[in-house]
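One structure coming up, written as structure tokens, with questions to follow.
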Amino acid sequence: MPDTLTITDNRTGKTYDVDINDDTVRAMDFRQIKVQDDEFGMMTYDPGYTNTAACTSSVTYIDGDKGILEYRGYPIGQLAENCDFQEVAYLLLHGELPNQSQLEEWVQSLRMHTMVHENIKEQMASFRYDAHAMGMFISTVAALSTFYPEAKDVHCAENRMLQSKRLIAKVPTLAAFAYRHSQGHPDNYPKNDLTYTENFLHMMFKMTDNPYEPEPALVRALDVLFILHADHEQNCSASVMRAIGSSDADPYSALAGAAAALYGPLHGGANEAVLNMLNAIGHVNNVRDYVAKCKDGEHRLMGFGHRVYKNYDPRALIVKQCADAVFEVTRRSPLLDIALELEKIALEDEYFIKRKLYPNVDFYSGLIYEAIGLPVTMFPVMFAIPRTVGWLAQWQEMMEDDERRIQRPRQIYVGGREREFVPINQRG
Ligand code: CMC
């Protein structure tokens, strides 16, 4: 006997039994509920999708109340401690951790795709000198689709994996080119004997012919940050990736859309907003006033709060430890004291306690990026590089889902109807 939910429609007195699976009922089962036979039937209304599952997934598990995050069942802390980013990328895309030879093959296949066409470089050079790095990143990812027209064959699993490897391998190159453009410095081509994160630091920071040895502590910190940011189930940008992908668009176009969704300050742009906020606060003595203004609704405390986590974001805890390791080899950010004071005051405050608002992943990550020497405009790009893996894992999973349909929500129409057309010269 399956679990069921019995609904009584008090308008008609009729009752309906609908199946419950995984503590969930199917929205389409409500369509049978009508007063008149010729009615459309009942829908569910859920602005912001706060209580709607749009897919099944086996990529990432989150328990927001307990502060648990797992990729393919592995706790995030264990992955951050024991893996490098490429190993976790393999796990997210393939569902299993690689053995040694699988890892070597994977790393080698990513290395094969780090270069971009020279025309891409020229396109990036044509952006204004002060163009925002994320704007350059989003447009150039979209432009990649014109270089790989075969990516349109989204129903071929082999082709999907090839395009995924291309994207994962090329996003650090695009990010570094965007940064070098903003600095007015010549681009550094990828150096394929380096690891993913070493190569990224090399493309970002190598100057002229001087040898560049990436600082091991920074390489490790970047691996950890990339692992923490790699996926986060059905967040705003992953949902956009799935929404665009559901129309069978190529993955470059879909990923550009996902990156655009990430750019917003309520999502991945929050790391940039946090640093701007800490700079605006300016001194630990100003923290209380700032928090009071947050409570008055004047502004939000950036890097605080989460739709799913109603507990400390497990990623934020690891980022905080990571920051300590980075500050040992860089200068300690003067903004750290403001951040620590802000966290302390907010966590003791009734407003934040009542609403279960805790620091999220973006609260401390910006301080690390700043210490590494990155301008704030690069912060959302630093989120987009690893999240590319998550977007692709979500997209691949969706493409293999038998229940996949083009995403097309319903609406409750509240506008006027059947209005008489008024010629322009008679309008008020
Ligand atoms: N500062 C002050 N008040 C807040 C904050 C905040 N950062 N976040 C939520 N609230 C309040 C909000 O005003 C509301 O209060 P009330 O019930 O009195 O109206 C209550 O908490 C619930 O907020 P909500 O907007 O309904 O929550 P949401 O789930 O729709 O939004 C959020 C989640 C992350 C957009 C929001 O917490 C926020 O804007 N945080 C700041 C931006 C940020 O740090 N974003 C990064 C998220 S983590 C990285 C990622 O994965 O994207």
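The values are calculated or read from the model by the stated rules, or taken from the named source; none is laboratory data. If you're wondering where the values come from, they're calculated on a predicted model, not measured in any experiment. No Cβ is skipped: glycine too gets one built from the backbone with ideal geometry, and neighbour counts run over all protein chains shown.
Tally up the residues in the range 316-347 that are in a helix (DSSP H, G or I), in contact (Cβ under 8 Å) with a residue 24 or more places away in the chain and farther than 24 Å from Tyr290 by Cβ, please.
Result for the range 316-347: 4.
Still on this structure, please answer the following. Has the range 294-305 got any residue that is within 30 Å of Glu215 (Cβ to Cβ) and either within 15 Å of the ligand (Cβ to nearest atom) or in a loop (DSSP other than H, G, I, E, B) (or both)?
Scanning the range 294-305, I find at least one residue that is within 30 Å of Glu215 (Cβ to Cβ) and either within 15 Å of the ligand (Cβ to nearest atom) or in a loop (DSSP other than H, G, I, E, B) (or both), so the answer is yes.
OK, next. Please find, among Gln36, Gln86, Gln100, Gln78, the residue that is surrounded by 14 or more Cβ atoms within 10 Å (Cβ to Cβ) and away from the ligand (no atom under 16 Å from the Cβ).
Answer to the check: Gln86.
Now for a separate question. Given (1) touching a helix residue (DSSP H, G or I) at 6+ places or on another chain (Cβ under 8 Å); (2) closer than 29 Å to Thr388 by Cα; (3) within 11 Å of the ligand (Cβ to nearest atom), where does Val291 come up short, assuming only one miss?
(2)
Could you pull out the residue among Arg387, Arg404 that is under 20 Å from Cys236 (Cβ atoms), more than 15 Å from the ligand (Cβ to nearest atom) and not hydrophobic (A, V, I, L, M, F, W, C)?
Of Arg387, Arg404, the one residue that is under 20 Å from Cys236 (Cβ atoms), more than 15 Å from the ligand (Cβ to nearest atom) and not hydrophobic (A, V, I, L, M, F, W, C) is Arg404.
Would you mind stating whether Arg288 is charged (D, E, K, R), at pLDDT 90 or above, buried (at least 21 other Cβ atoms within 10 Å of the Cβ) and not in a loop (DSSP other than H, G, I, E, B)?
Answer is no for this residue.
Looking only at the range 229-273, count how many residues are under 13 Å from Gln394 (Cβ atoms), more than 10 Å from the chain's Cα centre (by Cα) and part of a loop (DSSP other than H, G, I, E, B).
1
Here's something else I'd like to know. Is there any pair linking a residue in the range 356-373 that is farther than 18 Å from Arg387 by Cα and in a helix (DSSP H, G or I) to one that is of a type in the set (Phe, Trp, Tyr) and more than 9 Å from the ligand (Cβ to nearest atom), with Cβ under 7 Å and at least six apart or on different chains, and which?
As it stands, the answer is Ala371/Phe327, since those pairs meet every condition given.
Would you tally the residues in the range 204-215 being under 26 Å from the mean Cα position of the chain (by Cα) and without any contact (Cβ under 8 Å) to a residue 12 or more places away in the chain?
0
Is at least one residue of the range 176-184 surrounded by fewer than 21 Cβ atoms within 10 Å (Cβ to Cβ), over 23 Å from Glu272 (Cα atoms) and not hydrophobic (A, V, I, L, M, F, W, C)?
no
Return a yes/no flag: does the range 319-334 have any residue that is away from the ligand (no atom under 15 Å from the Cβ), out of contact with any Asp or Glu (no Cβ under 6 Å at 6 or more places or on another chain) and of a type in the set (Val, Ile, Thr).
yes
Looking only at the range 46-72, filter to residues that are farther than 15 Å from Thr24 by Cα and more than 19 Å from the chain's Cα centre (by Cα); which one of those is farthest from the ligand (Cβ to nearest atom)?
If we take residues in the range 46-72 being farther than 15 Å from Thr24 by Cα and more than 19 Å from the chain's Cα centre (by Cα), then Lys66 is farthest from the ligand (Cβ to nearest atom).
Right, here's the next one. Of all residues in the range 351-383, which are within 12 Å of the ligand (Cβ to nearest atom) and more than 18 Å from Asn279 (Cα to Cα)?
Tyr351, Phe352, Ile353, Lys354, Arg355, Lys356, Leu357, Tyr358, Asn360, Val361, Phe383
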